[in-house]
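**Q** Following this message is one structure expressed as structure tokens.
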Amino acid sequence: MMRVVLSLPLVCLLLAAGAARAQDPGTLEPKPLPPLEHPDSPSTPARELFGRKATPDPATPRSIGFYSHGCLAGGIALPINGPTWQVMRLSRNRNWGHPKLIAFLERLAEKAKRVGWNGLLVGDMSQPRGGPMLTGHASHQIGLDADIWLTPMPNRKLSTQEREFMSATEVVREDRLDVDSKVWTHEHTELIRAAALDTDVERIFVNAAIKKALCRDAGSDRGWLAKVRPWWGHDYHFHIRILCPSDNGQCEPQPPPDTSEGCGHELDYWFTAGVLHPAPPTEPAKPKPSLTMASLPAACRQVLMAP
């Protein structure tokens with residue numbers, strides 16, 4: 001897999017842009033993308049191909065490749081309405097995942113009730129066949145990632161318009177140094193704790209200010225904090241990544257996180273001036289090369305070409 005090294009300012013800009021897209025409104029009239037002029041060209045970005053697949057392939061469910069470098073066979077849709085969840089931004093058609101992710105989300109939604117939330121608002125998961133997306137994410141490619149809004153589900157069914165246009169709650173303070181005490185609650189901590197304690201969860205990504213709040217509020221039960229990692233953006237939602245299914249040999253696991261709780265000096269880095277207020281690039285950034293089908297596992301071509 002090609003590795004591209006980017007400067008800190010560029011990384012910050014790219015990730016901030018991805019986070020902004022996560023809050024972009026949807027549409028009430030989604031339209032199919034126009035046909036590609038050269039879909040079989042080796043240089044065609046894989047995101048253009050997978051982004052045009054509106055249905056899953058009929059194969060046995062499999063997560064193929066790595067979280068940011070793969071695809072999803074036999075994807076299953078999370079129902080848009082459940083007893084303790086509702087799916088947002090329906091026009092994106094990104095409520096697909098491996099059955100293991102669907103089962104986890106249903107469990108977590110039930111746990112949300114126990115910690116004081118009415119239920120979950122579920123953001124982006126994966127496309128019907130996974131793969132790279134046209135906007136918003138580098139990962140979410142193999143059906144094992146999901147974004148959970150930091151906004152409790154209301155006690156009513158949201159309208160289609162609300163699902164497309166309402167925004168999640170910004171929980172980070174304007175100066176980016178901590179959470180906003182006017183919106184952050186103990187229930188936020190308990191929900192993220194409940195997610196991290198699930199044995200299927202590999203990592204959870206949150207804004208560094210949220211990590212700081214979790215470190216402060218965790219109490220004596222702190223082992224779960226090791227799974228919660230600070231990352232750019234993630235101030236409207238938290239990003240859950242689950243482990244590769246044990247019977248899924250084509251899924252490439254991520255190295256396990258450090259076992260330390262991550263609440264010491266390593267967290268200080270995220271609040272330095274260079275991270276909070278990166279200097280603009282001194283020269284125009286070179287565009288990151290797009291993943292092509294040749295960059296993905298060979299089995300992804302079968303997933304893409306399936307009826």
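The values are calculated or read from the model by the stated rules, or taken from the named source; none is laboratory data. For clarity, every value in this text was computed on a predicted model and none was experimentally measured. Every residue, glycine among them, receives a Cβ derived from its backbone with ideal geometry; neighbour counts consider all protein chains shown. Just so you know, the surface numbers come from the protein's heavy atoms only, side chains and all, with ligands and any DNA or RNA stripped out. Shrake-Rupley method; radii C 1.70, N 1.55, O 1.52, S 1.80 Å.
**Q** Pick from L191, L291, L28 the residue whose mean-square fluctuation is largest in a GNM of the chain, springs joining Cα atoms under 10 Å.
**A** For the chain, modelled as a Gaussian network with Cα springs under 10 Å, the answer is L28.
**Q** What number comes out for accessible area per residue over the chain if the probe is 1.4 Å? Units Å², please.
**A** Heavy-atom SASA per residue in the chain reads 48 Å².
**Q** If you count, for each residue, the other Cβ atoms within 10 Å and average over each peptide, how do 108-115, 251-258 line up from highest to lowest?
**A** 108-115, 251-258
**Q** Right, another one. Say the cut-off is 24 Å between C-alpha atoms; which of K182/K211; K212/K288; K31/K286; K113/K157; K111/K211 go over it?
**A** K212/K288; K31/K286
**Q** Take the alpha carbon gyration tensor of segment 228-307, find the square roots of its eigenvalues, order them as a ≥ b ≥ c, and report rounded if a/c is under 1.5; if not, report prolate when a/b exceeds b/c, else oblate.
**A** oblate
**Q** In what sequence, largest accessible area first, do M305, M125 appear using a 1.4 Å probe?
**A** M305, M125
**Q** Right, something else. Pick from V206, V183, V228 the residue whose mean-square fluctuation is largest in a GNM of the chain, springs joining Cα atoms under 10 Å.
**A** Fluctuation is largest for V183.
**Q** Could you tell me the distance between the Cα centroids of segment 162-222 and segment 256-278, to the nearest Å?
**A** Spelled out, the Cα-based centre of one part sits 16 Å from the other.
**Q** Once R0 is set to 45 Å, what does the formula 1/(1 + (r/R0)^6) return for the Cβ-Cβ distance between R222 and E174, expressed as a FRET efficiency to the nearest 0.05?
**A** After rounding, the FRET efficiency stands at 0.95.
**Q** Excluding residues fewer than 8 places away in the same chain, name every one of the aspartates and glutamates whose C-alpha is closer than 18 Å to that of K100.
**A** Cα-Cα hits under 18 Å: D57, E110, D124, D145, D147, D198, D200, E202, D247, E252.
**Q** Next question, about the same structure. Divide by every residue of the chain the summed helix terms, -39500 (n - 2.57) for each DSSP H run of at least 4, and state the resulting mean residue ellipticity at 222 nm, rounded to the nearest 500 deg cm²/dmol.
**A** So the calculated ellipticity at 222 nm is -7500 deg cm²/dmol.
**Q** Could I ask something else about it? What figure in square angstrom, to the nearest 10, would you give for the accessible area of R94 with a 1.4 Å probe?
**A** Approximately 20 Å² of R94 is accessible to the 1.4 Å probe.
**Q** Could you work out how far apart the two model spin labels at H265 and E37 are, taking each label as a point 7 Å from the Cα in the direction of the beta carbon, and quote it in nm?
**A** 5.5
**Q** Hey, another quick one. Accessible area of the chain with a 1.4 Å probe: how many percent of it is carbon plus sulfur?
**A** It is 58 percent, rounded to a whole number.
**Q** Got a number for the accessible area of D57? Probe 1.4 Å, square angstrom, nearest 10.
**A** Approximately 10 Å² of D57 is accessible to the 1.4 Å probe.
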